[in-house]
Amino acid sequence: MTVAGALAWLTLAAAAPVTRLDVEIDNLRSAKGMIRICLTADPDNFPACVDDANALTRSLPASVHTTSFPGLPQRGYALAVIHDENNNAKLDTLAGIPREGYGFSRNAAVRFGPPRFSAARFMVAGDAELQQVKMRYIF
């Protein structure tokens, strides 16, 4: 019984539903540099994804405005996007204020710092999901 139960559980786990996330980046002010995207399901590592071994990242030329994340387990995620115009692999700031473009899933509002994970969180379910992220610029 125990072996049969373990085999049944492994079969169900292997058949866990997965889907594809399509991401569209809108409102880029130039085609210079790179778009850097972080997808995470971990609220503690949003928006930076620095210590998240399960985060998925993409770096795209700024002339490319779409990407996909196939084979995602169905659950809640959040996206953080930066327009790294000078291609130095980070979001440049001046006194803590972003000098480059940024955006978040669900176009979550930015007040005094990045939004909370819960504000940017969306569910991935079904065959495919789409998140359209509008880039914002302060300078």
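No lab work stands behind these numbers, since they all come straight from the coordinates. None of these values were measured; they are calculated from a predicted model. Cβ atoms come from the backbone with ideal geometry, glycine included; neighbour counts cover every protein chain shown.
Its Cα centre serving as origin, the range 18-134 has a Cβ charge dipole (Lys and Arg +1, Asp and Glu -1) of approximately 260 debye. Between S63 and A128, full extension at 0.36 nm per residue minus the direct alpha carbon distance yields a gain of 21.0 nm. Summarising the amide proton neighbourhood of R99: residues at separation of 5 or more, or on other chains, whose placed amide H is nearer than 5 Å comprise D92, T93, L94.
How far is helix 2-14 tilted, in degrees, relative to the longest principal axis of the Cα atoms in the chain, given as a value from 0 to 90 rounded to the nearest 10? With both axes taken from Cα atoms, the answer is about 30 degrees. How would the range 16-79 be classified by its alpha-carbon gyration tensor: rounded, prolate or oblate, with rounded meaning a/c under 1.5 and the a/b versus b/c comparison settling the rest? Cα axes put the range 16-79 in the oblate bin. Proximity of backbone amide H atoms, modeled 1.01 Å from N, is registered between A128 and R20 at under 5 Å, excluding neighbours fewer than 5 places apart on the same chain.
Counting DSSP beta bridges with both partners in the chain, what percentage is antiparallel, nearest 5? Intermediate values should be presented prior to the final figure.
Numbers: 29 of 36 bridges.
Among the beta bridges of the chain, antiparallel pairing accounts for roughly 80 percent.
Shown here for the range 24-68: trypsin sites (Lys or Arg not before Pro) in loop regions (DSSP other than H, G, I, E, B) with at most 16 other Cβ atoms within 10 Å, namely R29, K32.
For an R0 of 30 angstrom, estimate the FRET efficiency from the Cβ-Cβ distance between R111 and A89 and round to the nearest 0.05.
On the way: r = 26 Å, r/R0 = 0.88.
Calculated transfer efficiency: 0.70.
Semi-axes of the equivalent ellipsoid of the chain: what are they in whole Å, largest first, if each equals the square root of 5 times a C-alpha gyration tensor eigenvalue?
For the chain, the ellipsoid semi-axes come out as 33, 15, 13 Å.
Using just its DSSP H runs of length 4 or more, each adding -39500 (n - 2.57), the chain gives a mean residue ellipticity at 222 nm of -3500 deg cm²/dmol after division by all residues.
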